[in-house]
């Protein structure tokens, strides 16, 4: 079958909850993918940061293959031999005491919300049913009904109510507004260090440091959602490191599965995690043997191959070269590391048209928030591969 045949099958038999570019991929290796007709493309999206280590990394595939030959699932009703080693690897890498493993990013966010609410009731003394969490305008933390209920984006929430109460919204990047919003029943502040889905919005330097100070002063937990920004994507292992702070709760996912398997988690101190007791939170697949084997290898690859450092260097180079193009279509270039947004001027039309032209030249990128092209290649990308992409991006932007 050809690409139009596969696209027809998808449109005929699948709910239309996505609007993908008209390409049908069949193979992937490193930073490159190939469609069913055999045309090669440079992947500049990385499955929204889930492929930081690249497609089919050999160490991750080997760990996955070895584990599939032994044991895939136990549920948490029993111990298994990959659980403890993975928990040790991920907590030590992240500088946290303990992790609660889940599968998807949204599940990890839900876990963090439950953790902070339960802490509020059992430790802070918030009256039952009154715990409040502060979030930011422009946020994207997942697509469960609780999470879309506190999203400002109507596309995500319209028609899915009623929604969970207990959330208050402030402007993104405004630490003074955070302090004003806090009340005696506030238990946590949930924030993305860079807002990816909102268009790669980067707050002013020092925002997270100021937010950390506000939360500490008011006995409020700071939750950083690093599902997209974490594990090397922004040029540090975690984006919050730019502000020299440490959150109370760290939320991770996407690249934790090495582009092979859904793995996510919420990390915190032993004291904070102690609010959970057996039976009041869990997941059949969370922390399964296959996930743990893959996750351990995924974290090791990021550290051993110095992917945060490469992300920083290649990101600096890519942003610099994009700025040199001085395109009449571009309003702004922003980002950190290899999470870069190119904001297209309104008079130049939607960003999707630019993405479609890039696809025709062998570069796969995707629009976000209508006007922004997101460039976020695997962190293993080389200087020559960046140059290959820049040549084609220049043809489109110029």
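Only one of the numbered conditions (1) part of a loop (DSSP other than H, G, I, E, B); (2) in contact (Cβ under 8 Å) with a residue 60 or more places away in the chain is violated by residue 120, and that is (1).
Conditions (1) surrounded by 21 or more Cβ atoms within 10 Å (Cβ to Cβ); (2) touching a helix residue (DSSP H, G or I) at 6+ places or on another chain (Cβ under 7 Å), marked per residue:
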| residue | (1), (2) |
| --- | --- |
| 248 | yes, yes |
| 254 | yes, yes |
| 266 | yes, yes |
| 286 | yes, no |
| 294 | yes, yes |
| 297 | yes, yes |
| 315 | yes, no |
| 318 | yes, yes |
| 325 | no, yes |
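Screening segment 1-82 for helices (runs of 4 or more DSSP H) wholly inside it with 2 or more residues that are in contact with a helix residue (DSSP H, G or I) (Cβ under 9 Å, 6 or more places away or on another chain), modelled with pLDDT of 95 or more and outside the structural domain of residue 366 (by TED's automatic domain parsing) returns the ranges 58-68.
Quick check, is residue 271 closer than 25 Å to residue 256 by Cα, in the same structural domain as residue 235 (by TED's automatic domain parsing), assigned to a helix (DSSP H, G or I) and over 20 Å from the mean Cα position of the chain (by Cα)? Answer is yes for this residue.
The condition of being in the same structural domain as residue 252 (by TED's automatic domain parsing), within 29 Å of residue 62 (Cβ to Cβ) and within 21 Å of the chain's Cα centre (by Cα) does not hold for residue 313. Considering (1) farther than 23 Å from residue 177 by Cα; (2) in contact (Cβ under 8 Å) with a residue 24 or more places away in the chain, the lone condition that residue 140 does not fulfil carries the number (1). Scan segment 337-348 and give yes if some residue there is under 30 Å from residue 89 (Cβ atoms) and in a helix (DSSP H, G or I), otherwise no. The answer is no; no qualifying residue exists. If I ask for residues that are in a loop (DSSP other than H, G, I, E, B) and surrounded by fewer than 19 Cβ atoms within 10 Å (Cβ to Cβ), which ones from segment 350-398 would you list? Selection gives 350, 361, 362, 370, 382, 398. Residue count for segment 90-117, restricted to those that are touching a residue at least 24 places away in the same chain (Cβ under 8 Å), assigned to a helix (DSSP H, G or I) and farther than 16 Å from residue 142 by Cβ: 5.
The values are calculated or read from the model by the stated rules, or taken from the named source; none is laboratory data. Just so it is clear, the structure is predicted and the values come from calculations on it, not from any experiment. Using ideal geometry, Cβ is built from the backbone for each residue, glycine included, and neighbour counts are taken over all protein chains shown.
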